[in-house]
Amino acid sequence: MGKVRIVHYINQFFAGIGGEEKADYKPEVREGVVGPGMEFNKKFGDDAEIVATIICGDSYFNENLDEAKAEVIEMVKKYNPDLFIAGPAFNAGRYGVACGAIAEAVEEELKIPVLSGMYIENPGADMFKSSVYIVSTKNSAAGMRHAVKTMAPLALKLAKGEAIGAPDAEGYIPRGIRKNYFAEKRGAQRAVEMLIKKLKGETYITEYPMPDFDRVEPNPAVKDITKAKIALVTSGGVVPKGNPDHIEASSASKYGKYSIAGVDDLTEETYETAHGGYDPIYCNQDSDRVLPVDVLRDLEKEGKIGKLHDFFYTTTGNGTGVKISKSFAETFSKELVADGVDAVVLTST
Amino acid sequence: MVHMCTVTPISLTVGANRIIPTIAIPYPLGDPKLTKEEEKVLRRKLVEKALKALETEVDGQTVFED
Amino acid sequence: MDKIIITNNKLVHQGYYEKVETLFLGDFTYLQVLELVRDKIHKGHKLLTHPLSGSVKPNETPFKSIIISKKQNVMSFADLSIIEESIASAKRFMGNQVTPAWSEKILNDFRIIDLSLIENGICNMYF
Amino acid sequence: MHLELGNIFINDVQFGSQTKVENKTLYVNKEELITLISEDEHLKSVDVELAKPGESIRITPVKDVIEPRVKVAGSGGIFPGVLTKVDTVGAGRTHVLKGAAVVTTGKVVGFQEGIIDMTGTGAEYTPFSKLNNVVLICQPVDDIKPHDHERALRMAGLKAAEYFGKAGKDIEPDEVLSFETLPLLKSIEKYPKLPKVAYVQMLQSQGLLHDTYVYGVDAKQTLPTLIKPTELMDGAIISGNCVSACDKNTTYHHLNNPIVQDLFKQHGKEINFVGVIITNENVFLADKQRSSNWTADLAEYLGVEGVVVSQEGFGNPDTDLIMNCKKIEEKGIKTVIVTDEYAGRNGASQSLADADPKADAVVTGGNANEVIKLPPMEKIIGDLSIVNTIAGGFDGSVQKDGSLVVELQTITGATNELGFNKLTAKGF
């Protein structure tokens, strides 16, 4: 294989265009390296070369997700690269999400290997670590040299289709793929040694970490609920009759957004549930049992709440992964904020 | 955000901060054994409880029991 | 006795319907039995046997018998999590490989094993 | 109390006119063995084959593997309550034909599983490829009931192991290992500064082909109890289990329980190993509750600071494992659990059917869903056609050239949950 051809994706900040005020910068492609790409090329030497750099503002990318993805993929395609690198994004949240999303899309569309780098607590890391190799970096751009040192060799391995070692050896964030290997000691001995460490209060590493869940800081209370605009969201799968967007009964790949402007009551004729995780008969008879539109409409009329938001968001929570659920919320919560919604009532079955 | 759900332990593990326990999984905000009118009264009580929760400051995960 | 056997195994039905209330669903798949039990748990029936009883994998045997309480009470979260995890497990196995079209002789072996798994406890259950 | 294990190393197995051990070779009088095993009225025919390490042999379906042992001194005999009286064992002296094993094969029910390859890729995954195996092929009488069939095969294996064990009774062992178990209070006094540790062994106990016997008692009808680790070495626990080949504990595993061995290795050094609690894995949830409560209570009653918990089998035992772990941790006792995984063929699915944050120290025997290719073997002992009807095998498993494409779960002992093997898995 000749010199590996790489397209590099960075944001407006790393391209030296500007900070937050330039975050709506539209995708642009430049020949050769820009910004951190220089560091990469130095490290690659004769093995690989960044042939083009794509620059995109973080706000633009995240607010025009589908469009931005399509535009960037077109740009990448033209250069026919062997590999795509996004970032590193360090602890920049929206940059991280953009890097993860575009890397995932490029891999899927163009079938070439992709690589990104992020600080472990970057939300993009959690969202995309299972689909994209993400090198674990320091939490600020001061860690650039260090990040490139880890990313460059992994990039070459990926581009050449070589076997990728364990996360701790290669420096990437574990993707949650369980792989078998032969350890040096038998299991019983490992168990006894682990117990001894645990008894002594020393650090030990479990061989199978239990699935983990999130905690978030609670938002402050709503000051005056009678002035508040309230939106309904449900994981109970309530949809207009006929399930127009074909939301899956389990392991949903999408959510629906439907208008309830002027709707006072959900009836058997107009709404149903797409959810496969419970007996649907009760919800199909009266979807208010899952999504209380009737009551909130009454409360709105009585002035007990400010307004019921014109749209509700819905998906099926049955077997739908934490990661994809998060990405749904990531997208629609922005819309809710933009629409001036003050509070959300989320119902689950 | 307030989370209205029947299985509060799940809500706790996924990190909701204001949680209102509801009636049953297939009908969190209803009860087919009641008449339509009674059901709506029940539902309204639960929704009012949820609104109340939204107006309440919490400093961690809180299940609003009766 | 205060329990219901939910089964798609005719040997279990034949063996127990006179002694224990039995819901026999001859044309249900393994997964459908699990899902029906889940709906019952949602309504407050208690799970009395583990849905993944036996080490025979969910994509091997088509038969499943599960015992639940006749009485309905407040839904048990522990039971719910067991049935949900079991359904997820069963789907995982089906995703690897669907249940083969077994010969009648093999099907009967599966029926016998399924029967054996529940009959060992059924006689001395008092709750 | 004191048990000496005298290991007689066996490097070869051959047929001969007399069953005996000589120059590290086990000689097998085939006719005598067949006559002994054929005594069982449930068996129509019995045949014997030999399979040695490195030979191009595939044994399938495997029901059980048993190590030949014999009581030389001390009360009771090997496999008490099953082959011999129910006298308590675990003291005195026992001889072991180390490196030899009896393997039982033959269909029990229509679908079966359990492959031992003596060479190639598969051999790396099963510990039994390293042994000199005497394989019993038993055909049952027509129209036998599965329960009788399972029992006949189980007894055939045990009888053969006892028969070979006797051949080692008067042989001077190559090494003698010594295991001491003191009365609990004395044991605590002996190493007052070391943390007290127990082993919790979960026994498969669900029904036909899913059973384990303790001194002949069906484990599903038992309550959690204490047993001395040396009793295991004399065959107090035997396997009646022949589903889930990769993570069932054969009788060989029970005799050579690696957790017991490795706890003994640290006994008096880093820990004070005070005993074994055995508990079961039943189908009824009330039994699971009772047994896990009882187990946690026993651990607390013993006053131990740490336990290792081992699992057996697939699926619902995950629930027993997590219940045990959680309840023992809640007593303030540190736990390490040993299990295996069913993470799907791509390794991306959740591995266990149950989980709890308290289970923060896990040892895994690997992902049983991993697909591997096994090369063709020159000789098949048993019945290859059944590979298409075994767990983790599937239509098309048997390739034209005789190689197999199967999940790891088809291989006997591959992902053992006693930590017998080096195989494990990690997150990539």
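The table below gives the values:
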read-out: The listed residue being assigned to a strand (DSSP E or B) and farther than 25 Å from D:N257 by Cα, out of D:D40, D:D47; value: D:D47
read-out: Tally, over region A:207-237, of residues that are away from chain B (no Cβ under 11 Å) and touching a residue at least 60 places away in the same chain (Cβ under 8 Å); value: 3
read-out: Matching residues, region A:36-49, being within 25 Å of A:G93 (Cβ to Cβ) and buried (at least 18 other Cβ atoms within 10 Å of the Cβ); value: A:P36, A:G37, A:F40
read-out: Answer from A:I305, A:I281 - the residue that is within 11 Å of chain B (Cβ to nearest Cβ), crowded, with 22+ Cβ neighbours inside 10 Å and either free of Cβ contacts under 8 Å to residues at least 24 places away in the same chain or of a type in the set (A, V, I, L, M, F, W, C) (or both); value: A:I305
read-out: Unique match (being part of a loop (DSSP other than H, G, I, E, B) and in contact (Cβ under 8 Å) with a residue 60 or more places away in the chain) among A:F90, A:F40, A:F13; value: A:F13
read-out: Count of residues meeting criterion [closer than 13 Å to A:N62 by Cβ and surrounded by 19 or more Cβ atoms within 10 Å (Cβ to Cβ)] in region A:11-26; value: 4
read-out: Complete set of residues in region C:50-72 that are of a type in the set (S, T, N, Q) and either on the phi > 0 side of the Ramachandran plot or without any contact (Cβ under 8 Å) to a residue 12 or more places away in the chain (or both); value: C:S55
read-out: Residue in region C:84-93 that is touching a residue at least 60 places away in the same chain (Cβ under 8 Å), polar (S, T, N, Q) and within 16 Å of D:K288 (Cβ to Cβ) present; value: no
read-out: Subset of region D:286-318 that is of a type in the set (A, V, I, L, M, F, W, C) and surrounded by fewer than 24 Cβ atoms within 10 Å (Cβ to Cβ) - its residue that is nearest to the other protein chains (Cβ to nearest Cβ); value: D:A286
read-out: Which listed residue, of A:V135, A:V114, A:V192, is buried (at least 21 other Cβ atoms within 10 Å of the Cβ), among the β-branched types (V, I, T) and not assigned by TED's automatic domain parsing to the domain that holds A:G87; value: A:V192
read-out: From A:V263, A:V293, residue being surrounded by fewer than 19 Cβ atoms within 10 Å (Cβ to Cβ) and either under 24 Å from C:K91 (Cα atoms) or of a type in the set (V, I, T) (or both); value: A:V263
read-out: Unmet requirement for A:F332, which otherwise passes all of (1) within 11 Å of chain B (Cβ to nearest Cβ); (2) crowded, with 16+ Cβ neighbours inside 10 Å; (3) among the hydrophobic types (A, V, I, L, M, F, W, C); (4) more than 16 Å from A:S287 (Cβ to Cβ); value: (1)
read-out: Region A:327-349, residues that are at pLDDT below 90 and either closer than 14 Å to B:V2 by Cβ or small (G, A, S) (or both); value: A:S327, A:A329
read-out: Any hit, region C:62-83, residues being among the hydroxyl-bearing types (S, T, Y), within 7 Å of chain D (Cβ to nearest Cβ) and either crowded, with 22+ Cβ neighbours inside 10 Å or within 25 Å of D:I322 (Cα to Cα) (or both); value: no
read-out: Residue pairs meeting the criteria (Cβ under 6 Å; at least 6 apart or on separate chains; first at positive phi, in region A:175-193; second among the small types (G, A, S)); value: A:G176/A:S130; A:G176/D:G427
read-out: All positions within region D:254-296 that are more than 11 Å from D:Q201 (Cβ to Cβ), assigned to a strand (DSSP E or B), in contact with a Ser or Thr (Cβ under 7 Å, 6 or more places away or on another chain) and touching a residue at least 24 places away in the same chain (Cβ under 8 Å); value: D:N272, D:V274
read-out: Region A:142-172, residues that are crowded, with 18+ Cβ neighbours inside 10 Å, aliphatic (A, V, I, L, M) and more than 23 Å from A:L110 (Cα to Cα); value: A:M144, A:A147, A:V148
read-out: Selected residue (only one of B:P28, B:P9 is touching a helix residue (DSSP H, G or I) at 6+ places or on another chain (Cβ under 9 Å) and loosely packed, with under 15 Cβ neighbours inside 10 Å); value: B:P9
read-out: Region B:13-30, residues that are in contact with a Phe, Trp or Tyr (Cβ under 9 Å, 6 or more places away or on another chain) and either among the charged types (D, E, K, R) or more than 7 Å from every other protein chain (Cβ to nearest Cβ) (or both); value: B:R18, B:I19, B:I20, B:P21
read-out: Residue within region A:151-169 that is on the phi > 0 side of the Ramachandran plot and either more than 11 Å from chain D (Cβ to nearest Cβ) or part of a helix (DSSP H, G or I) (or both) present; value: yes
read-out: A:A188, sole failed condition from (1) in contact with a Pro (Cβ under 6 Å, 6 or more places away or on another chain); (2) more than 7 Å from every other protein chain (Cβ to nearest Cβ); value: (2)
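The values are calculated or read from the model by the stated rules, or taken from the named source; none is laboratory data. The structure displayed is predicted, hence computed values, not measured ones. Glycine gets a Cβ as well: all are built from the backbone with ideal geometry, and neighbour counts include every protein chain shown.
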